[in-house]
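**Student:** Sharing a structure below in structure tokens format, with a few things to ask.
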Amino acid sequence: MTTVGILGGGQLARMMALSGAPLGLRFRVLDNVADACAGQFAPMVVGDYTDGAALAEFASQVDVATFDFENVPAESARWLVERVPVFPTPRALAVAQDRLAEKTLFRELGIPVPEFADIPSREALDAAVGRLGTPCILKTRRLGYDGKGQFRIKSPTDVDAAWAALGPQAASVGLILEGFVHFERELSVVAVRGRDGEFRAWPLTENWHVDGVLSASLAPAAVDAALQASALSHARKLAEALDYVGVFALELFCRDGVLLANELAPRVHNSGHWTIEGSETSQFQNHLRAVLGLPLGDTRMIGLACMLNWIGAMPDAGPVLREAGGHWHDYGKSPREGRKVGHATLRADSPVELADALARVGAALGREAQVAPVVAALR
Ligand code: AMP
């Protein structure tokens, strides 16, 4: 009997545990919140990621450890690695935790990135805004996600407000300034690398965000073979450079037909949720296979799929459940503003069928605005 330990007990851990059940796996989840939603399916150790006693209890109960959350302190990951195999490795985690380190690595590997500058001080910010121009975005280097820890500088008069908002964090989490990318679309590539170096990726996914949070994903993205090949090459280079094991997502902007790398997520990713029903092997199962050294599953798609995120509160399930290709995922969380509480995936065999199903669901749920860009991309 193999027990997989997961640091972080949110919906990603929950879906991982669900996908690992057919493999006969057991799970243990470490989270500091006693009612973390993965706890409904996997026994929990409740404690902070820095709590030595909780980490020791967790380590004694698992054969291998992984993450549903990338901001686990590097020190805790290193402590754990002395006791159990940990994938992805603390080094990969450390790079992905720091926007400056990851963008520097992208650049070293020849992966195009938006203009960026390290911002240790107010003087550095003034100089970088002068060099990069406006608009630009000031972000925390560490601990930011879903658009949090970001300030958009629309004109030089915003620099004071940006520094007032994020300057106090310059010493603790660090800051980075990025040139604003006027992208045509946002894409992501979700990929997996096994312990033996085998690499596979799902087709490129197109993503739409609202207020910095993912709203909808469509796979496959309508891109030409050259763009698909370029995304795969970037993902493979990155995985090999980090000796990565497990699933990761590379978030990309597409501008003038060129891909610019925004961010590496060292874990299963929201833009890969459609793989549960839309692919031969889901990202969750392939992550487990990779971490356990099992053969990786085929990443080919079954038709087309669109994922819609439910933020704040779950809508009525009826309109999705009535669709032939409708799949419902309620994470069992209590409603809260801005919280990811569930998602739906609509799967179909043709773009027309998928667009029609999305239009019906959007109208029935009063979510026309959420489905509109996806329907437009399909028609
Ligand atoms: P992030 O947390 O870096 O993934 O940012 C969240 C979202 O903000 C992205 O998905 C984009 O929609 C937007 N964003 C972030 N960085 C940039 C940038 N440099 N230029 C334009 N939009 C950005």
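The values are calculated or read from the model by the stated rules, or taken from the named source; none is laboratory data. None of these values were measured; they are calculated from a predicted model. Positions of Cβ are backbone-derived with ideal geometry, glycine not excepted, and every protein chain shown enters the neighbour counts. Areas reflect the complete protein model, heavy atoms only, side chains present, ligands, DNA and RNA absent. Shrake-Rupley method; radii C 1.70, N 1.55, O 1.52, S 1.80 Å.
**Student:** Sort ARG195, ARG200, ARG322 from largest to smallest accessible area, using a 1.4 Å probe on the heavy atoms of the protein chains. Can you show the working numbers first?
**Tutor:** Values: ARG195 120, ARG200 70, ARG322 185 Å².
From most exposed to least exposed: ARG322, ARG195, ARG200.
**Student:** Enter the accessible area of PHE106 (Å², nearest 10), with the probe set to 1.4 Å and all protein chains included.
**Tutor:** That residue has around 0 Å² of solvent-accessible surface.
**Student:** Can you tally the net charge around PRO85? Count Lys and Arg as +1, Asp and Glu as -1, for every other residue whose Cβ sits under 12 Å from the Cβ of PRO85.
**Tutor:** Summing Lys/Arg as +1 and Asp/Glu as -1 gives 0.
**Student:** Just how many % of Cα pairs in the chain lie over 34 Å apart, if you round to the nearest whole percent?
**Tutor:** 27
**Student:** A follow-up question, please. What does the accessible area of SER155 come to, in Å² to the nearest 10, when a probe of 1.4 Å is used?
**Tutor:** We get 40 Å² for SER155.
**Student:** Sticking with this structure for a sec: Please give me the summed charge of the neighbours of GLY257: other residues whose Cβ is under 12 Å from its Cβ, Lys and Arg +1, Asp and Glu -1.
**Tutor:** -1
**Student:** In the stretch 201-268, which chymotrypsin sites (Phe, Trp or Tyr not before Pro) fall in coil by DSSP and have 13 or fewer other Cβ atoms within 10 Å?
**Tutor:** Details: sites: TRP208, TYR244, PHE248, PHE253; in loops: TYR244.
Taking the stretch 201-268 and a limit of 13 other Cβ atoms within 10 Å, no loop chymotrypsin sites (Phe, Trp or Tyr not before Pro) are found.
**Student:** Heavy atoms only, probe 1.4 angstrom, no DNA, RNA or ligands counted: give me VAL291, VAL46 ranked by accessible area, highest first.
**Tutor:** These residues rank, largest area first, as VAL46, VAL291.
**Student:** Show that you can apply the helix-only estimate: for the chain, add -39,500 (n - 2.57) for every DSSP H stretch of four or more residues, divide by all residues, and state [θ] at 222 nm to the nearest 500.
**Tutor:** -9500 deg cm²/dmol
**Student:** Using DSSP H assignments, which helices in the chain have an axial alpha-carbon span of 18 Å or above and a mean Kyte-Doolittle hydropathy of -0.5 or higher?
**Tutor:** Numbers: long enough: 225-241 (24 Å, 0.22); 351-365 (21 Å, 1.02).
Those that clear 18 Å and a mean of -0.5 are 225-241, 351-365.
**Student:** Heavy atoms only, probe 1.4 Å: what % of the accessible area of the chain goes to carbon and sulfur, would you let me know?
**Tutor:** With neighbouring chains kept in place, the figure for the chain is 52 percent.
**Student:** Among bridges DSSP assigns within the chain, what percent are antiparallel (round to 5)?
**Tutor:** 80
**Student:** Give, as a single signed number, the net charge of other residues whose beta carbon lies under 10 Å from the beta carbon of ARG347, with Lys and Arg counted +1 and Asp and Glu -1.
**Tutor:** Surrounding charge for ARG347 is -4.
**Student:** Shifting gears a bit: Please list 159-166, 326-333 highest first by mean number of surrounding beta-carbon atoms within 10 Å per residue.
**Tutor:** Ranking the peptides 159-166, 326-333 by packing returns 326-333, 159-166.
**Student:** Something else now. What accessible area per residue comes out for the chain, rounded to a whole number of Å², with a 1.4 Å probe?
**Tutor:** With the other protein chains kept in place, the chain gives 40 Å² per residue.
**Student:** Using modelled backbone amide H atoms (1.01 Å from N, in-plane), which distant-in-sequence or interchain residues come within less than 5 Å of SER215's amide H?
**Tutor:** TRP208, HIS209, VAL210
**Student:** Would you give the gap between the C-alpha center of the stretch 287-331 and the C-alpha center of the stretch 48-67, rounded to a whole Å?
**Tutor:** The distance from the Cα centre of the stretch 287-331 to that of the stretch 48-67 comes to 29 Å.
**Student:** Still on this structure, please answer the following. What accessible surface, in Å², does a 1.4 Å probe find on ARG26, ignoring ligands, DNA and RNA and rounding to the nearest 10?
**Tutor:** Counting only protein heavy atoms, ARG26 exposes about 130 Å² to solvent.
**Student:** Using a 1.4 angstrom probe on the protein heavy atoms only, line up THR104, THR157 by accessible area, largest first. Don't jump to the answer; show the numbers that get you there.
**Tutor:** Numbers: THR104 55, THR157 115 Å².
Correct descending sequence by accessible area is THR157, THR104.
**Student:** Exceeding 24 Å between C-alpha atoms, which entries from my cross-link table qualify? They are LYS139/LYS333; LYS103/LYS237; LYS103/LYS139; LYS148/LYS340; LYS103/LYS154. Don't skip to the end; give the middle numbers.
**Tutor:** Values: LYS139/LYS333 29 Å; LYS103/LYS237 14 Å; LYS103/LYS139 13 Å; LYS148/LYS340 14 Å; LYS103/LYS154 22 Å.
From the list (LYS139/LYS333; LYS103/LYS237; LYS103/LYS139; LYS148/LYS340; LYS103/LYS154), the Cα-Cα distance tops 24 Å for LYS139/LYS333.
**Student:** Along Cα→Cβ, 7 Å out, is where each label goes; now give me the distance between the ones at ASN32 and LEU294 in nm to one decimal.
**Tutor:** 3.3
**Student:** Using a 10 Å Cβ count of at most 12 others and DSSP loop calls, identify the longest part of the chain lacking such GluC sites (Glu not before Pro).
**Tutor:** 199-336
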